[in-house]
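Only one structure is covered here, and it is reproduced in the block below.
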Amino acid sequence: MVDLESEVPPLPPRYRFRDLLLGDQGWQNDDRVQVEFYMNENTFKERLKLFFIKNQRSSLRIRLFNFSLKLLSCLLYIIRVLLENPSQGNEWSHIFWVNRSLPLWGLQVSVALISLFETILLGYLSYKGNIWEQILRIPFILEIINAVPFIISIFWPSLRNLFVPVFLNCWLAKHALENMINDLHRAIQRTQSAMFNQVLILISTLLCLIFTCICGIQHLERIGKKLNLFDSLYFCIVTFSTVGFGDVTPETWSSKLFVVAMICVALVVLPIQFEQLAYLWMERQKSGGNYSRHRAQTEKHVVLCVSSLKIDLLMDFLNEFYAHPRLQDYYVVILCPTEMDVQVRRVLQIPMWSQRVIYLQGSALKDQDLLRAKMDDAEACFILSSRCEVDRTSSDHQTILRAWAVKDFAPNCPLYVQILKPENKFHIKFADHVVCEEEFKYAMLALNCICPATSTLITLLVHTSRGQEGQQSPEQWQKMYGRCSGNEVYHIVLEESTFFAEYEGKSFTYASFHAHKKFGVCLIGVRREDNKNILLNPGPRYIMNSTDICFYINITKEENSAFKNQDQQPKSNVSRSFYHGPSRLPVHSIIASMGTVAIDLQDTSCRSASGPTLSLPTEGSKEIRRPSIAPVLEVADTSSIQTCDLLSDQSEDETTPDEEISSNLEYAKGYPPYSPYIGSSPTFCHLLHEKVPFCCLRLDKSCQHNYYEDAKAYGFKNKLIIVAAETAGNGLYNFIVPLRAYYRPKKELNPIVLLLDNPPDMHFLDAICWFPMVYYMVGSIDNLDDLLRCGVTFAANMVVVDKESTMSAEEDYMADAKTIVNVQTLFRLFSSLSIITELTHPANMRFMQFRAKDCYSLALSKLEKKERERGSNLAFMFRLPFAAGRVFSISMLDTLLYQSFVKDYMISITRLLLGLDTTPGSGFLCSMKITADDLWIRTYARLYQKLCSSTGDVPIGIYRTESQKLTTSESQISISVEEWEDTKDSREQGHHRGNHRNSTSSDQSDHPLLRRKSMQWARRLSRKGPKHSGKTAEKITQQRLNLYRRSERQELAELVKNRMKHLGLSTVGYDEMNDHQSTLSYILINPSPDTRIELNDVVYLIRPDPLAYLPNSEPSRRNSICNVTGQDSREETQL
């Protein structure tokens, strides 16, 4: 049964005191019938309790009146002390009797009557059955001491001058103030911070102690030094501050005893108050306090929501966010549920960040914490997932809830969300910008297989840099590589641009070529004013409009560029100091601009009949020193454009008729009929006419359809691409699609083998069974037998994906330990294999292909440290594995989300470059390799002109490989025993030391002295042996000599061959001594026009969409192919 007395209806808004006394008599004249549900509330006592205690607003007024009354009583006491003349003599009567004027007495009596009446009334209303509990309360006792003597003096006039310690009312005023603050919070339905309340209590307690001590000392010294209030104040301050000058001291024993008592009270009360204040201050420091509303309305800020904040994540965000000049006045509010890390706290105390970064401990799911961060006034909210969690799906679920909570609390705040798994992406499609980690990761790893260093290009593209890295290095390649790495993508409206305004009405390729020739910028795409889709290289048929938004690559945006004509340039070569020789910048070029992330398709350009071939000049023109190249037309001429008919795939013309017939029967082009998750963009791909049975997808198991049990038995014409992953997640689908894109010639498709630790599920197999030459195998890179069965000996690329189960470790940077050691083993066993590795932490890239005694690697390590000291965000860029694109960390792409705050088009452009999105009319990325027949082009500018005039392609960069002068590695050392036998011991020792200095091995080759002693012992043993065992000893000695002659490289090769023979695999084709450690590779992003092209350079191209040039009959053909492909399949979606 409901307790009726415990439920109280709210007081009417206009509840007047007349209604309190008379009841609601106004309702009696009304015709309506009033129903009283709570009869007890209509009694006089309940109405009084409602007015004085339960109603917040009326109770607040009562508390305020009581507080004012106590302050008035203290003020009257001070007035009485000031008006009193100090009497002479040291009689004790001066302690008990004072001089009080009649008007002052009347005021004090009135205050006492009101205070006592209020105290008795509130005690009666709050009575709960225990009378002693009400009487023995300290506030009640103080009221009796201060009020009753004045009331008695009304009836006994001789007591009017009796001393009453009215100054003790200050403690009652403090009590009333605390109650008033509580009622204020109840009335306005808001809670101030506990810090505010505690500071208020501490200050009021300190003031009460000082005021009590002042009044007490002054009164007790009436029979001593006759101190006034100011002298008493001076004495109290000096005493409580522990200074103690001694010029003012109490004389009477009573005043001394009072001082002792007050000091004891202060030693008990004040430390408790200070302890509570310090505790609240520490808790406030941990939680971060609030971001004030005034600051939020007058300053601009963004909010960063993370599950746990690591120092690497924080510095990547701050360095990238504040790299843009217009963001210097922004504040960053970090909202994190965990306590601030020690390293993070240390960094945030640096003056550069302490004034701009505010850390708040709280949850994005609580409106109170979102209010603390002023999310509704924020310019943007960045929500990042925790990729180091063991359960990445759970991490995504937390991110989704945070995004929903922020959208519910602040619908107008732009959201920038990072998600891990692609199947969770559709839950946050309302966000303004979304980066799915696994989509980008697998797309880049796939393109790294057919295009070297795609991941490096993407990383350099999304990092903000000024191109100053490596400029202090003595090596030319580091200067060029560092300078070109400073290029980024910018945008500008054509009619407002100095770069492109003159090309209005001209073709896109004409504008791109001439802008590069004149200004050194690379125009890569456009967007119509009335269209949201970005078009990368729409081709020569696209005519530039004045309202088009142009996307170009440059080391800085046009607004920050200074323009100088060529004839106004000084004759000094100071501007060419960054480049020397054939790669220097031209005088008329402002800067060498950056080419965007280019996808190298490894000679996938449609040469001969179809394509961007750099045809040699005719025989008659060979006498000319520099052959002429056709000019780029202002308006496209259809007859002069050589497009690649990729739908008909004329690259198959080189095959025999029988092969062509079988190939056409086997493959078709269309859209994949099944997608493993919602949100994947449809891509036109090479597909099979019928899906492959699941049993045939298993590489190492025979079935009723085939009897092959290893990759060698299939007899593939092209080398394999092997992917080593823990599980077949939905993101792995994005690894297959770019490798089966329609613009890849059929004859160049590489078989794909998925080496999985765990068997894939049926949904994933349903998605990949339509793609040609895609297989899987259950195994691990830890097992050499599994590697050999999946065909590692004749693989073109080995992709090692970081395992989810190892991403979390007690020591953060140890999460990559297993992956690094496994890759190092692969590197030593299969030196000719191109290994592409994904790591969790970018700092661990220095351990890839680690060689402890390699002087060149040590020099690069020192260069990295110097660049980091100079404040570079790309200090790791000069590591050879990163520069060559052999290592990649997905955390490098975090900056893509940060950069989107300033450049909202960056995610769209990156997705187009990686092939994750396809837009009709937008070009795709491919590459061509410079051969000896192409060297007549000579310079990058002439190459640009040749490509734009012939095929409409736009080059955006060069991938260059050079020979590297390294110290002799352990794989090249082979020590001959015969030489030792023919020399003396002293020469052997010197020869040993020389070889030891040049060796980089960490095993037996580091100890040739031990080997030499062992061989000497073997020779002595053979001489001392019996004659009948001479043949056996000679045989043993010969075996020892053969073992010793072998280098470590040979030992490893023999190990691999023995395992292959044991498994029944052929050793033919195993390249045991091929070692590519003597070369270095790097990227020149949009090099200067007069850069010399060299043999084996890989040129990255953006080619126009060939489907845009097809006649109207072609789309129907494509649709028919899609229908045929998908007619036997039923599309299912895994959520």
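When Tyr1100, Tyr1070 are compared by accessible area of protein heavy atoms, the largest-first order is Tyr1070, Tyr1100, using a 1.4 Å probe. Quick one: if the Förster radius is 30 Å, what FRET efficiency do Glu84 and Leu64 give, using the C-beta to C-beta distance and rounding to 0.05? The computed FRET efficiency comes out at 0.45. As a rough guide to protection, the peptides 149-161, 414-426 ranked by mean Cβ packing within 10 Å, highest first, stand as 414-426, 149-161.
Applying a threshold of 25 Å to the alpha-carbon distances of Lys719/Lys853; Lys174/Lys225; Lys719/Lys929 flags Lys719/Lys853; Lys174/Lys225 as lying beyond it. Note on region 95-173 and region 326-389: Cα centroid distance 54 Å, given to the nearest whole angstrom. Each label was represented as a point 7 Å from its Cα along the Cα-to-Cβ direction; for Gln704 and Glu1054 these points are 4.8 nm apart. The label point for Gln349 and the one for Lys518, both projected 7 Å from the Cα toward the Cβ, are 5.7 nm apart. For Thr825 and Ser101, the difference between the fully extended length at 0.36 nm per residue and the C-alpha to C-alpha distance is 250.5 nm.
Per the Kirkwood formula applied to alpha carbons, region 470-510 shows a radius of gyration over Rh ratio, Rg over Rh, of 1.26. For region 724-855, with all protein chains in place and a probe radius of 1.4 Å, 53% of the accessible heavy-atom surface sits on carbon or sulfur.
Measuring nothing but alpha carbons in region 360-467 and taking Rh as the Kirkwood radius, the Rg to Rh ratio lands at 1.05.
Spin-label model, Thr1067 to Val265: label points 7 Å out along the Cα-to-beta-carbon direction sit 9.9 nm apart. For region 270-421, the Kirkwood estimate of the hydrodynamic radius, built from every pair of different alpha carbons, is 16.1 Å.
Compared with the direct C-alpha span, the chain from Phe117 to Glu495 gains 127.7 nm at full extension, assuming 0.36 nm per residue.
Which order do peptides 239-245, 119-125 fall in by mean Cβ count within 10 Å, highest first?
119-125, 239-245
Each peptide among 96-106, 819-829, 513-523, 223-233 gets the average number of other Cβ atoms lying within 10 Å of its residues, and from highest to lowest they stand as 513-523, 819-829, 223-233, 96-106. Annotation: amide H-H contacts under 5 Å for Gly525 (H modelled 1.01 Å from N, sequence separation of 5 or more, or interchain): Asn537, Phe551. If you take all other residues with their beta carbon under 12 Å from the beta carbon of Ser702, and give Lys and Arg +1 and Asp and Glu -1, the sum is -1.
Set the Förster radius R0 to 25 Å, insert the Cβ-Cβ distance between Ala817 and Asn319 as r into 1/(1 + (r/R0)^6), and round the FRET efficiency to 0.05.
0.40
Find how much the distance from Ser832 to Glu502 grows on full extension, using 0.36 nm per residue of separation minus their present alpha carbon separation; answer in nm with one decimal.
Length difference between fully extended and current span is 113.7 nm.
Overall shape: rounded for region 682-810, with the ratio a/c of the largest to smallest alpha carbon gyration tensor axis below 1.5. Taking R0 as 41 Å, what FRET efficiency do you get between Arg295 and Lys865 from their Cβ-Cβ distance, rounded to the nearest 0.05? For R0 = 41 Å, the calculated efficiency reads 0.60. Rounded to the nearest 20 debye, the dipole magnitude of region 676-826 is 1040 debye, with +1 charges on Lys and Arg beta carbons, -1 on Asp and Glu beta carbons, and the Cα centre as origin.
The values are calculated or read from the model by the stated rules, or taken from the named source; none is laboratory data. Remember, it's a predicted structure, so these values are computed and weren't measured experimentally. Please note: Cβ atoms are built from the backbone with ideal geometry, for glycine as well, and neighbour counts cover all protein chains shown. We work out accessible area using only protein heavy atoms, side chains counted, and drop any ligands, DNA or RNA first. Shrake-Rupley method; radii C 1.70, N 1.55, O 1.52, S 1.80 Å.
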